[in-house]
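J.: Here it is: the structure, laid out below.
The values are calculated or read from the model by the stated rules, or taken from the named source; none is laboratory data. Computed from a predicted structure; not experimentally measured. Here the Cβ positions follow ideal geometry from the backbone for every residue, glycine too, while neighbour counts run over all protein chains shown.
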Amino acid sequence: MSLAVGVIGTGVMGAEHARLLRDATSGAHLAAVCDADEARAAAAAAGGAVFTDGMALIASDKVQAVVIASPDATHAQYALACVAAGKPVLCEKPIAATAAEGLAIVQAETALGSRLVTVGFMRRFDPAYTEMQAARISGNIGTPVLLHNIHRNAAAPAWFTGAMAVTNSLVHEIDISRWLLGSEMVTAQVTSAPGGDPMLVTMQTDKGEIVSTEVFMNATYGYHVHAQLVGRLGSVEMAAPTRTLTNLAAAQSFGFPPNWVPRFTDAYRLQMQTWVDAVAMGIHVGASAWDGYVTTSIAEQIVDGMAAGNRIDLTFPARPALYA
Ligand SMILES: NC(=O)c1ccc[n+]([C@@H]2O[C@H](COP(=O)([O-])OP(=O)(O)OC[C@H]3O[C@@H](n4cnc5c(N)ncnc54)[C@H](O)[C@@H]3O)[C@@H](O)[C@H]2O)c1
């Protein structure tokens, strides 16, 4: 049986998710799309139903499962509607614009007793991060002590504010650091350059590991994500972000991708296939609503405390048994 998936939001990410469902995912098909811009939705529909109201797509009997790729502020209302309709949903990060909205999704799932929400933290499916996590679990590098993350974008759009560097970009490192280390973050401290970009965020985990993350939204030269995990016996880090090296004019080089879509193309594809397979098997794989809530809560606590420059003690409610 082929899973009928509806995609809400057909901008940069939604169009890529729709393409994956059309061309690169087995066991599923693109049944419907929705965008506030009807022409954009129609361009991505490829024969599927077209909606301009996300709630109508979620309610449609043509749709069995949903991908949310509309702007951050719309995620919570659509995710809650999917839970109420009993439909599995892959929701782009962040799970919600506020921690309170993220917690409401956790509470809705907990009341239902079922995990229907997967948050699109696709780095968990990136082959380089997967190898790094396997190295940590194998014990080969010894007890982890440090994780260094770099997150650089070529140029941020004008509407991208200082807080969004945390709530929209750093959230990737918060999630992947929790996942790579299998630890929870307990403190955070932020140092920013004049104007707020770049910023350096230092977090410490419940096991005492130190996580440093540089977020540089206007790094000019390209999109560059890097991570190095340091243990007591050795370290493991990402190699170059491309598969090939060019030898030319007395130099060896590789190119940086312009943005996240080419850099994480394998991760987006593997995430979609894994989500479709998990839905078919009735299991949950990937970042849960709890992971999404904790990540957004950490980001919110960092934004609230970063102006003072002091150490921020991170606090959360107890993890519900559904997410054990
Ligand atoms: N996982 C990742 O690596 C990654 C990368 C980029 C963006 N994102 C996330 O994906 C989401 C979309 O980002 P994007 O870059 O594709 O944005 P985008 O602006 O390119 O696309 C958003 C689309 O949503 C539509 N839209 C606006 N309001 C809507 C509504 N209420 N209902 C339905 N459609 C609506 C817009 O018309 C637009 O076509 C964001 O939440 C962003 O944080 C994730």
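J.: Step by step: first the residues of region 223-274, then only those that are in a strand (DSSP E or B) and without any contact (Cβ under 8 Å) to a residue 60 or more places away in the chain, then the one that is farthest from residue 213 (Cα to Cα). Which residue is that?
T.: 248
J.: Moving on to the next point. Residues that are within 14 Å of the ligand (Cβ to nearest atom), within 20 Å of residue 297 (Cα to Cα) and touching an Asp or Glu at 6+ places or on another chain (Cβ under 9 Å): does region 123-134 have at least one?
T.: yes
J.: I would also like to ask the following. Can you name the number of the only condition in (1) of a type outside the set (S, T, N, Q); (2) within 15 Å of the chain's Cα centre (by Cα); (3) at pLDDT 95 or above that residue 321 fails?
T.: All conditions are met except number (2).
J.: OK, next. Taking residue 215 as meeting all but one of (1) more than 17 Å from the chain's Cα centre (by Cα); (2) hydrophobic (A, V, I, L, M, F, W, C); (3) more than 28 Å from residue 116 (Cα to Cα); (4) assigned to a strand (DSSP E or B), write down the number of the exception.
T.: With respect to (1) more than 17 Å from the chain's Cα centre (by Cα); (2) hydrophobic (A, V, I, L, M, F, W, C); (3) more than 28 Å from residue 116 (Cα to Cα); (4) assigned to a strand (DSSP E or B), residue 215 is out only on (1).
J.: May I ask you to list the residues in region 68-95 that are within 13 Å of the ligand (Cβ to nearest atom), in a loop (DSSP other than H, G, I, E, B) and more than 15 Å from the chain's Cα centre (by Cα)?
T.: The initial filter retains those residues of region 68-95 that are within 13 Å of the ligand (Cβ to nearest atom), namely 68-79, 81, 90-95.
Narrowing further to those that are in a loop (DSSP other than H, G, I, E, B): 69-71, 92-95.
The answer is none; no residue qualifies.
J.: Then there is this: Keeping to region 45-63, report how many residues are part of a loop (DSSP other than H, G, I, E, B), touching a helix residue (DSSP H, G or I) at 6+ places or on another chain (Cβ under 8 Å) and modelled with pLDDT of 95 or more.
T.: 2
J.: I'd like the residue in region 96-116 that is assigned to a loop (DSSP other than H, G, I, E, B) and away from the ligand (no atom under 16 Å from the Cβ) and, out of all such residues, is nearest to residue 1 (Cα to Cα). Before the answer, list the steps.
T.: Pass one, region 96-116, residues assigned to a loop (DSSP other than H, G, I, E, B): 96-98, 113-116.
Going one step further and asking which of them are away from the ligand (no atom under 16 Å from the Cβ), we end up with 113-116.
Working: 113: 26, 114: 22, 115: 22, 116: 19 Å.
Looking at residues that are assigned to a loop (DSSP other than H, G, I, E, B) and away from the ligand (no atom under 16 Å from the Cβ), I get 116.
J.: Can you name every residue in region 7-42 that is near the ligand (Cβ under 6 Å from one of its atoms) and crowded, with 16+ Cβ neighbours inside 10 Å?
T.: 8, 9, 10, 13, 14, 34, 35, 36, 40 - these are the residues of region 7-42 that are near the ligand (Cβ under 6 Å from one of its atoms) and crowded, with 16+ Cβ neighbours inside 10 Å.
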